[in-house]
Structures are given as C-alpha cells and as structure tokens.
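The values are calculated or read from the model by the stated rules, or taken from the named source; none is laboratory data. As the structure is a prediction and not an experimental result, all values here were calculated from the model. Positions of Cβ are backbone-derived with ideal geometry, glycine not excepted, and every protein chain shown enters the neighbour counts.
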Amino acid sequence: MSDQKVQAKYESILLRVLWMVVFVLAWQVAQFILGAVVLVQLIYRLIYGAPNATLMNFGDSLSQFLAQIGRFGSFHSDQKPWPFADWPTPRTPEGEAPHAVPPAPHPARDEEPKL
C-alpha cells in the first residue's frame with residue numbers, strides 16, 4: 001500500500017514540475033510585457049505630467065500575477081496562478097494620482113432630426 005502512496009506522490013510532483021515549466025514560460029512573457037508597460041508609463045508621465053490610470057492598474061495586476069507564479073514555483077502555495085485562479089485585482093495606488101481627462105461636453109442641438 002505504501003508503494004501506491006509513493007507512486008501517487010511521484011506522479012503529483014511530476015505534474016507540478018510540468019506546471020512549473022509552463023509558468024516559467026508565462027513568467028518570461030509577463031516580465032517582457034511589464035517592462036513594456038513601465039516604459040510606456042514613463043513616456044506617458046513625461047508627456048502628460050501624471051501616470052495613466054489604466055496602465056497603473058494593469059501593471060499592478062501583472063506584478064501580482066508574477067508574484068503568484070513565484071509563490072507557486074517556490075512551493076509556498078499550491079494555488080496555481082491565472083488562468084486557474086482569478087486575475088489579480090489592482091490595489092489602490094500609493095503614488096501619484098493618475099492623469100484625468102475631463103469628459104467632452106455633449107453638443108447641444110437646437111434643430112429637429114431630419115427624416
């Protein structure tokens with residue numbers, strides 16, 4: 001009976017190794033994307049004087065995803081990262097306030113629609 005337990009544990013670790021390889025590849029892609037987000041955010045900040053809110057939120061979510069991969073790969077967690085779990089929600093920014101674009105005014109129409 002202990003042979004079955006050893007066999008199950010061996011199969012379990014092999015499956016985890018395969019998932020770790022997949023997530024290492026995902027890490028490489030996500031790391032490149034995060035670098036691109038950082039560069040675009042820097043350029044945006046230089047042009048508009050404040051960071052972009054969408055890039056801030058996506059960058060935070062992506063960095064949390066990378067942290068989840070690290071925790072799974074280091075055996076700190078058995079929870080597999082996205083797509084097996086929900087995508088991380090961005091946290092409240094602690095730095096600069098994001099650039100805000102006021103909504104465009106709605107044009108007033110005094111004429112009736114033409115048929």
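Numbers below:
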item: Top-ranked residue of the stretch 61-115 - restricted to ones that are among the charged types (D, E, K, R) and in contact with a helix residue (DSSP H, G or I) (Cβ under 9 Å, 6 or more places away or on another chain), ranked as modelled with the lowest pLDDT; result: E96
item: Subset of the stretch 43-67 (residues that are within 10 Å of the chain's Cα centre (by Cα) and among the polar types (S, T, N, Q)); result: N57, S61, S63, Q64
item: Single residue of V40, V6 found to be aliphatic (A, V, I, L, M), part of a helix (DSSP H, G or I) and either at pLDDT 90 or above or within 14 Å of the chain's Cα centre (by Cα) (or both); result: V40
item: Residues (out of contact with any Ser or Thr (no Cβ under 9 Å at 6 or more places or on another chain) and closer than 19 Å to S63 by Cα) located in the stretch 31-45; result: Q31, F32, I33, G35, A36, V37, V38, L39, V40, Q41, L42
item: One residue from V24, V29 being free of Cβ contacts under 8 Å to residues at least 24 places away in the same chain, under 19 Å from F84 (Cα atoms) and among the β-branched types (V, I, T); result: V29
